[in-house]
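Quick note: the coordinates plus some simple rules give every number you see, no bench work behind them. Worth saying up front: this structure is predicted, and the values here are computed from it rather than measured. Every residue, glycine among them, receives a Cβ derived from its backbone with ideal geometry; neighbour counts consider all protein chains shown.
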Amino acid sequence: MVANKEPWRYSAAGISIALRVTPRGGRDDIDGIEQLSDGRSVLKVRVRAIADGGEANKAVLLLLAKSLGVPKASVKLLSGATSRLKQIAVDGDPARLGEALRRLVSAESKDGGN
């Protein structure tokens with residue numbers, strides 16, 4: 001079982017989320033929280049797009065905007081443009097965004113990830 005550490009941090013402007021992205025993952029989806037070998041928690045995200053020319057990054061930002069109910073312009077890539085591990089910033093009400101993320105993650109764990 002994954003430790004109950006949330007892979008996002010709150011700020012005055014919104015939240016930042018640590019992600020591990022799987023490009024060409026067969027579907028666009030959030031697969032819950034995973035703990036990395038160094039102890040950090042990340043939100044697992046998969047997208048259909050390939051990791052070429054920023055296509056997967058665009059798909060990740062779009063998926064998060066849609067999942068969290070915020071405009072695309074509110075979701076920005078902070079770091080990890082060419083890595084599977086990314087930091088994403090989402091502008092908006094931090095409490096509402098955190099609650100939306102908790103709902104998404106708990107829905108995944110109840111689904112068994114399907």
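Observations on the structure shown:
- Here each label is just a point 7 Å from Cα along the line to Cβ, and for I50 and A95 those points are 4.6 nm apart.
- Restricting attention to the chain, lysine pairs at least eight places apart or on different chains and with alpha-carbon atoms under 24 angstrom apart total 20.
- Note on region 17-61: with charges restricted to the Cβ of Lys and Arg (+1) and Asp and Glu (-1), its dipole about the Cα centre is near 60 debye.
- Most fluctuating residue given options R20, R96, R84, as computed from a GNM of the chain linking Cα atoms under 10 Å: R96
- The chain, helix-only ellipticity at 222 nm - DSSP H runs n ≥ 4, -39,500 (n - 2.57), divided by all residues, nearest 500: -9500 deg cm²/dmol
- Taking every DSSP bridge with both residues inside region 1-64, close to 70 percent are antiparallel.
- Whole-Hz couplings from phi, Karplus 6.51/-1.76/1.60, listed for region 7-21; x for Gly and Pro: x, 10, 10, 8, 9, 5, 8, x, 9, 10, 10, 8, 10, 10, 9
- Built amide H within the under 5 Å cut-off of T22, gap 5+: V45, R46, V47
- Pairs of Cα atoms in the chain fall into 10 Å distance bins, from 0 up to the last occupied one, in shares of 15, 51, 32, 2 percent.
- Remark: relative contact order (the chain) = 29 percent; criterion is Cα-Cα distance under 8 angstrom and separation of 6 or more residues.
- Using only side-chain charges placed at the Cβ, +1 for Lys and Arg and -1 for Asp and Glu, the dipole size of region 1-102 relative to its Cα centre rounds to 140 debye.
- Candidates L19, L63, L104: whichever shows maximal mean-square fluctuation once the chain is modelled as a Gaussian network with Cα springs under 10 Å: L104
- Gain on full stretching of the segment that runs from K58 to D38 - 0.36 nm per residue minus C-alpha separation: 4.5 nm
- Antiparallel %, DSSP beta bridges [both residues in the chain], to 5: 85
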